[in-house]
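Novice: Below are the structure tokens for one structure; questions will follow.
The values are calculated or read from the model by the stated rules, or taken from the named source; none is laboratory data. Here the structure is a predicted model, which is why all the values come from computation and not from measurement. Here the Cβ positions follow ideal geometry from the backbone for every residue, glycine too, while neighbour counts run over all protein chains shown. To get the accessible areas, we keep the full protein, side chains included, count just its heavy atoms, and leave off ligands, DNA and RNA. Shrake-Rupley method; radii C 1.70, N 1.55, O 1.52, S 1.80 Å.
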Amino acid sequence: MTKSACPIPEHISLNYHLFHRAKCPDDLRHLLIDISRAAKYISHAIQTTDTGLTKTTNTFGEEQLKLDVLSDRIIHQHLCESEIVASFASEEHGELIELTAKAPYTVVFDPLDGSSLVDTNFAIGSIFGVYEGKDVIGKCPREQVAVLYVLYGPRTVLVYCTGNGVHEFMLNSVGEFVLLREYLGVGDDAKNFSPGNLRAVTDTASYHDLMNQWMDEALTLRYSGCMAADVHHILSKGQGVFTNIGGNKYPQGKLRLVFECGPFAYLIEQAGGASSDGRNSLLDKKITSLDQRTPIIVGSKNEVERCCKVLAGK
Ligand code: FDP
């Protein structure tokens, strides 16, 4: 009997890519596939949920879960079924939740990033970071073994990295994530800027200065209010800078290290860009609590460096 090699498929599926290109360990591959399956249900829920999007009843007066709560439950269920997740933490829960004792991974996730945009039909996303072991406290985002996000826009796209390049997939009409682009790269100079928590310019003078510099230099504004979409813009165009800086209301900025900043810092640095909290790479920032917030500057290297200088008043 002759052994047949797998023919190269016409469309490269996520599973094929994880197995043949990323040479991902089997258990991690299974986990990422389970996460992608959860994302298909979320994508479907977003498209089929009626205008009760942010209410608790639909047009028939039936009890309906808010989409962020529903997304959280869908992911919880899929992680539970995978049996390779020791514990998980989600932006919806304040604590680490144990799943399968002695399983190899902990998953942290924001089930529906940009959920305040749901009723506007802007793009929203789900963000996942995977660590080995059963806890993330005391670790830093550089220790993630995989990061994946799904963006529910006009198309549903999935972007993942297991430490060897950042790769983008599209959900096709038969429900398969197929390869769109491999090895996304972020160039050193930014033409676009994406300024989060902009109200902080009223009490953080250096953020105001940075804003003025961007406007004086006629950079192009690209800000949607969903971090997943705004960082995807950078990865997709191969340049840009995204910031979320502290002010009086949120001294450390609005965004969380574990669920948002850590995963995106990992992807952007893997793609050749930079990340910073104003001083150091976010990948080296120690996680002290699940709720920890941090200023974030991510994107094209030269621009991140320049932003840090301006924000430090140099
Ligand atoms: P949202 O609250 O809608 O979930 O996660 C927080 C977040 O969205 C990010 O996706 C987004 O970048 C940020 O809030 C927007 O904050 P500002 O309105 O302060 O810019």
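Novice: What number comes out for accessible area per residue over the range 192-311 if the probe is 1.4 Å? Units Å², please.
Specialist: Counting only protein heavy atoms, the per-residue value for the range 192-311 is 39 Å².
Novice: Let me ask something additional. Among DSSP beta bridges whose residues both lie in the range 164-314, state the antiparallel percentage, nearest 5.
Specialist: Roughly 65 percent of the beta bridges in the range 164-314 run antiparallel, per DSSP.
Novice: Mind checking which aspartates and glutamates have their C-alpha under 12 Å from Lys301, skipping anything on the same chain fewer than 8 residues away?
Specialist: Asp188, Asp189, Glu269
Novice: Compare Val85, Val201, Val186 in a GNM of the chain, Cα atoms joined below 10 Å, and give the one with the largest fluctuation.
Specialist: Val201
Novice: Also: Find the Cα radius of gyration of the range 14-181, compare it with 2.2 N^0.38 Å by division, and give the number to two decimals.
Specialist: 1.03
Novice: Take the alpha carbon atoms of the range 192-311, find their radius of gyration, then divide it by 2.2 N^0.38 Å using N residues; give the quotient.
Specialist: That works out to 0.95 for the range 192-311.
Novice: Also, I was wondering about something else. For Leu99, which sequence-distant residues (separation of 5 or more, or a different chain) have an amide H within less than 5 Å of its own amide H, given hydrogens modelled in the peptide plane?
Specialist: Hits under the 5 Å cutoff: Ser87, Phe88.
Novice: I've got another one for you. If you count the DSSP beta bridges with both ends in the range 14-181, what percent of them are antiparallel, to the nearest 5?
Specialist: 85 percent
Novice: Could you tell me which of the pairs Lys23/Lys286; Lys139/Lys237; Lys191/Lys237; Lys254/Lys286 are separated by over 21 angstrom between their Cα atoms in the structure shown?
Specialist: Beyond 21 Å: Lys23/Lys286; Lys139/Lys237.
Novice: Taking H as built 1.01 Å from N, whose amide H comes closer than 5 Å to the amide H of Gly133, not counting residues under 5 places away?
Specialist: For Gly133, the qualifying residues are Tyr105, Thr106.
Novice: Rank-order 91-103, 135-147 by packing density, defined as the average count of other C-beta atoms within 10 Å over each peptide's residues, highest first.
Specialist: Taking the mean over residues of other Cβ atoms within 10 Å, the ranking is 135-147, 91-103.
Novice: I'd like the Kirkwood hydrodynamic radius of the chain, using the inverse of the mean 1/r over distinct C-alpha pairs, in Å.
Specialist: 20.0 Å
Novice: In the chain, what percent of the accessible surface is made up of carbon and sulfur (1.4 Å probe, ligands and nucleic acids excluded)?
Specialist: In the chain, the share of accessible area belonging to carbon and sulfur is 49 percent.
Novice: To check you understand DSSP bridge types, tell me what percent of the beta bridges within the range 125-240 (both residues inside) are antiparallel, rounded to 5.
Specialist: Of those bridges, close to 90 percent are antiparallel.
Novice: Here's a follow-up. Determine which lysines satisfy two conditions relative to Lys66: a Cα distance under 16 Å, and not lying fewer than 8 residues away in the same chain.
Specialist: Lys55
Novice: Among all the aspartates and glutamates, which ones have a C-alpha under 12 Å from Lys134's C-alpha, if same-chain residues fewer than 8 places away are not counted?
Specialist: Straight-distance partners of Lys134: Glu98.
Novice: Right, next: In nanometres, what is the gap between the two model label sites at Lys102 and Lys309, each 7 Å from Cα along Cα-to-Cβ?
Specialist: Modelled inter-label distance: 5.6 nm.
Novice: As a test of the formula, what do you get for the chain when each DSSP H run with n ≥ 4 contributes -39,500 (n - 2.57) and the sum is divided by the residue count, at 222 nm and rounded to the nearest 500 deg cm²/dmol?
Specialist: -8500 deg cm²/dmol
Novice: Also, quick follow-up: Please report the equivalent ellipsoid semi-axes of the range 93-192, computed as sqrt(5 x eigenvalue) of the Cα gyration tensor, largest first, in whole Å.
Specialist: 26, 19, 16
Novice: So how strong a dipole does the range 60-129 carry about its Cα centre when Lys and Arg Cβ are +1 and Asp and Glu Cβ are -1, to the nearest 20 debye?
Specialist: Taking the Cα centre of the range 60-129 as origin, the dipole is about 200 debye.
Novice: Let me ask something else about it. Using the beta-carbon distance between Ile137 and Tyr41 and R0 = 25 Å, what value does 1/(1 + (r/R0)^6) give for FRET efficiency, to the nearest 0.05?
Specialist: For R0 = 25 Å, the calculated efficiency reads 0.25.
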